[in-house]
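Let me begin by presenting the structure, written as structure tokens, before commenting on it.
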Amino acid sequence: MERLVGAQSVVDIRDIYFKAIGDYGYPHVVYAASYQSNFPAAVIREEAQIYCNLPESFGQELEKSFQFSSLPWVDWARHNQGNIRLSKLTAELRDRPDIVKAYGIAQRHGLGAARLISLRCRVARAEGVVAICPAMSTSTDAEELLWARVRREISTLTYVAHMRLATIAGSPSGSRLTPRQREVLEWTSAGKTVAEVATILGLTPATVEKHLRLARDALDAGSTAHAILKAHITHQIFQQNSA
């Protein structure tokens, strides 16, 4: 718990969390969540963050059949709190072909004893689900006994890891712009062309284009306008000097 709270990167949080869950008897983990900004999804659409140590073949087969937003397990987590065994969810919703299909994929890869943990209402403007699975081909009865022993520890660790990941995802520290990138974005937002920005800053147009491209890459933005908006939201441009 202390290591999770003190971790300063997504990779560290992921590795600490996966190791801890594995120590409690669940070596296979999928964490899938999306964190929404304060702007509508039509303005900024954040991609789902998925961290997984399951067999690659399982992930590939699942991706062929479902997008993250349409995965039935994610749909369950959007509307429910707590946790549920995958086999129980499938039995309760056996009239839904997507649920049955997803469970069939899990079974084919020896992951039929997986359990879902909903992340609903744990972090503001975030949603997601965690799937944990004991050793491959473990029976559902054996998983039920294991879960009864470690459910409190795993639930607490899962919620803390989720809060830490959501916090880092919402921080601009992971996508800091250089001073020059901020300058070209601010002048571009003022309606200046690439040639005009080059003249103002004493650069070549090619150099301005390079800084705009690097700014888009740093902010994972699909366009310069998108980069300007994300830089503004993360307080990297349009900052007033304090008196």
statement: For K230, the lysines lying under 20 Å Cα to Cα, once residues fewer than eight places off in the same chain are dropped, come out as K192, K210
- line: Taking a straight Cα-to-Cα line shorter than 20 Å from K64, and setting aside same-chain lysines fewer than 8 residues away, one finds K101
query: What are the ³J(HN,Hα) values, in whole Hz, obtained from phi via the Karplus relation 6.51 cos²θ - 1.76 cosθ + 1.60 with θ = phi - 60°, for each residue of region 185-195 in sequence order, with x given for Gly and Pro?
result: 5, 5, 5, 5, 5, 7, x, 7, 6, 4, 5
query: Hey, how many Å between the Cα centroid of region 111-163 and the Cα centroid of region 193-208?
result: 53
field: Matching label, percent of Cα pairs over 33 Å apart computed from the structure shown, candidates [x] 43; [y] 32; [z] 16
entry: [y]
message: Could you work out how much longer the chain between D12 and K64 gets when fully extended? Use 0.36 nm per residue separation minus the Cα distance between them, nm to one decimal.
response: 15.8 nm
query: So if we plug the beta-carbon distance of R96 and A190 into 1/(1 + (r/R0)^6) with R0 = 51 Å, what FRET efficiency do we get, rounded to 0.05?
result: 0.45
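How much length is gained if the chain between N80 and A225 is pulled fully straight, taking 0.36 nm per residue apart and subtracting their Cα-Cα distance, in nm to one decimal?
This chain segment gains 48.5 nm when fully extended.
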- request: Subtract the Cα-Cα distance of A206 and R151 from 0.36 nm times their separation in residues, and report this length gain in nm to one decimal.
  value: 14.1 nm
field: Relative contact order of the chain, pairs being alpha-carbon contacts under 8 Å that are 6 or more residues apart, as %
entry: 19
Taking region 1-128 and dividing mean pair separation by its residue count, relative contact order in percent (alpha carbons under 8 Å, at least six apart): 25
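Since every read-out is calculated from the coordinates, none of them should be taken as a lab result. Computed from a prediction, not measured in an experiment: that's the story for all the values here. As a convention, Cβ positions derive from the backbone with ideal geometry for all residues, glycine included, and neighbour counts pool all protein chains shown.
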